[in-house]
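Read-outs throughout are calculated quantities, based only on the coordinates presented, and are distinct from any laboratory measurement. Note that the structure is predicted; figures quoted are calculated from it, not measured. With ideal geometry, Cβ positions are generated from the backbone for all residues, glycine too; neighbour counts draw on all protein chains shown.
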Amino acid sequence: MTAVLASAPGKVVLCGEYAVLDGAAAVSMAINCRANVKVSDFDGDWHRVSAPGYSSLEGRFVSNGATVDWLQGEHEYRIVDAVWRTVGRMRNGYLSIELDTRAFLDDVAGSKIGVGSSAALTVALAAALSESSDVLDPAMRAHSMFQQGVGSGVDIATGVSGGLIEYRMNEATISRLRWPAGLAYRLVWTGVPANTRTKLDKLQLAGHRASRTSLASAAETMAKAWRSASAVMSEYPAYIETLRQFSVDHDLGIFDAGHDKLVTEAAAAGLVYKPCGAGGGDVGILLGEDDEQLDDFMIRRKAWGRQVLNARLEPDGVEMEQR
């Protein structure tokens, strides 16, 4: 029996959040929290799905080509449904599909840390089922189906590519970047999960405000700044203020859950802090030129309940192997 194993990393969006939907550049970093998938032959009368740490319910479905008929677990395993309908499968017989996203959970509270687990899982599952790591297009289509057409695809692009990338939604163009020399960082978990879909729905209802155009322009400037540490540190304050006004105008609460306080405190210490992604919880990034200064800053604010994630830049994207 041959098993196919695949994995893909999560992501943190560093700039261009929301603006990427309007064609602006986004910069995103892959992190070493990986979703893992194992696909193997199953001696049964249906395809079996399991997800330790996510659901105790075993998913069961049968399929004829790209069609999927669920016997149980349809709601829990909508990602499997979307990827299967997009990719299908390469082998005959029934399959056991094991999904593992435990690396994306807070060890203490057990809540999901918002660093792109669903996208990473989509990429890994698409690779395992197609037995190929060339899955950007099918993973994009499957995740769009899963999210009912909402989102930019930057998380899928990061999961496929790995590393630090500049991404544009139009035609899903990806440019690899190098992490700027002399730029230290810490990823900070607020302890408050955020719902990106809710934020995007609110953005759509708010209509187009002037600050949305300003954010797109600021995102282009910020993306160019990611070529050097000094440019990153000097350009971020203006970008953050534009993002703040955009958040206020569209009632998004991007700087809620303690992000705003960290932005202010970091600036006073000569550092940069910004919320990442949809904001209102989840994670942020603290930036500076010195590791010790970043650690000292966070130690002094440990009582705030913020946790420095044990997550680093992941150079590798989707990986697939057969055993």
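Mean-square fluctuation check for the chain, GNM, Cα pairs under 10 Å: which of Ala184, Ala267, Ala218 is largest?
Comparing Ala184, Ala267, Ala218 in the GNM, the peak value goes to Ala267.
What residues from region 231-247 fall in the zone where the backbone N is under 14 Å from a label point 7 Å along the Cα-to-C-beta line of Ser217?
239, 242-243, 246
Assigning unit charges at the beta carbon (Lys, Arg +1; Asp, Glu -1) and nothing else, what dipole magnitude in debye, to the nearest 20, does region 184-308 show about its Cα centre? Mind showing how you got there, number by number?
Numbers: 15 positive and 16 negative charges, 76 e Å.
Value, rounded to 20: 360 debye.
Pop the C-beta distance of Ala267 and Asn170 into the FRET formula with R0 = 51 Å and round what comes out to the nearest 0.05.
0.90
If each Cα of the chain is one equal point scatterer, what is log10 of I(q)/I(0) from the Debye formula at q = 0.06, 0.13 Å⁻¹?
So the normalised log intensities work out to -0.21, -0.92.
With a 10 Å cut-off between alpha carbons and a GNM built on the chain, which of Ile299, Ile156, Ile254 moves the most?
Largest GNM mean-square fluctuation: Ile299.
Need one number: nm distance between label points at Lys224 and Asp22, each 7 Å from Cα along Cα→Cβ, rounded to one decimal.
It is 1.8 nm.
Just the Cα atoms of region 199-253, one point each, no solvent: what log10 I(q)/I(0) does Debye give at q = 0.14, 0.17 Å⁻¹?
One equal scatterer on each Cα of region 199-253 leads to -0.40, -0.55.
Measuring from label point to label point, each 7 Å out along Cα→Cβ, what is the Ala231 to Asn32 span in nm?
Spacing of the two 7 Å Cα→Cβ label points: 2.8 nm.
Between Arg85 and Val62, what length comes free when the chain is fully extended (0.36 nm per residue of separation minus the Cα-Cα distance, one decimal in nm)? Please report the intermediate quantities before stating the final value.
Numbers: separation 23, 0.36 × 23 = 8.28 nm, distance 1.20 nm.
The span from Arg85 to Val62 would gain 7.1 nm if fully extended.
Could you give the size of the charge dipole of the chain about its Cα centre, using +1 on the Cβ of each K and R and -1 on the Cβ of each D and E, expressed in debye and rounded to the nearest 20?
Using Cβ point charges on Lys, Arg, Asp and Glu, the chain gives about 300 debye.
Need the list of lysines near Lys199 for cross-linking: C-alpha distance under 30 angstrom, and skip anything on the same chain fewer than eight residues off.
Counting by Cα, and skipping residues close in sequence, Lys199 has these lysines nearby: Lys11, Lys112, Lys224, Lys261, Lys274, Lys302.
So how tilted is helix 117-130 from the main axis of the chain? Cα-based, degrees 0 to 90, rounded to 10.
The two axes meet at around 40 degrees.
Given the rule -39500 (n - 2.57) for each run of at least 4 DSSP H residues, summed and divided by the residues of the chain, what is its mean residue ellipticity at 222 nm, to the nearest 500 deg cm²/dmol?
-10500 deg cm²/dmol, from helical runs alone.
What per residue convex hull volume, in Å³, comes out for region 184-308 when only alpha-carbon positions are used?
Cα-based convex hull of region 184-308, divided per residue, equals 91 Å³.
Give me the number: length gained by fully extending Ser55 to Glu241, i.e. 0.36 nm times residue separation minus the C-alpha to C-alpha distance, one decimal in nm.
Result: 62.9 nm gained on full extension.
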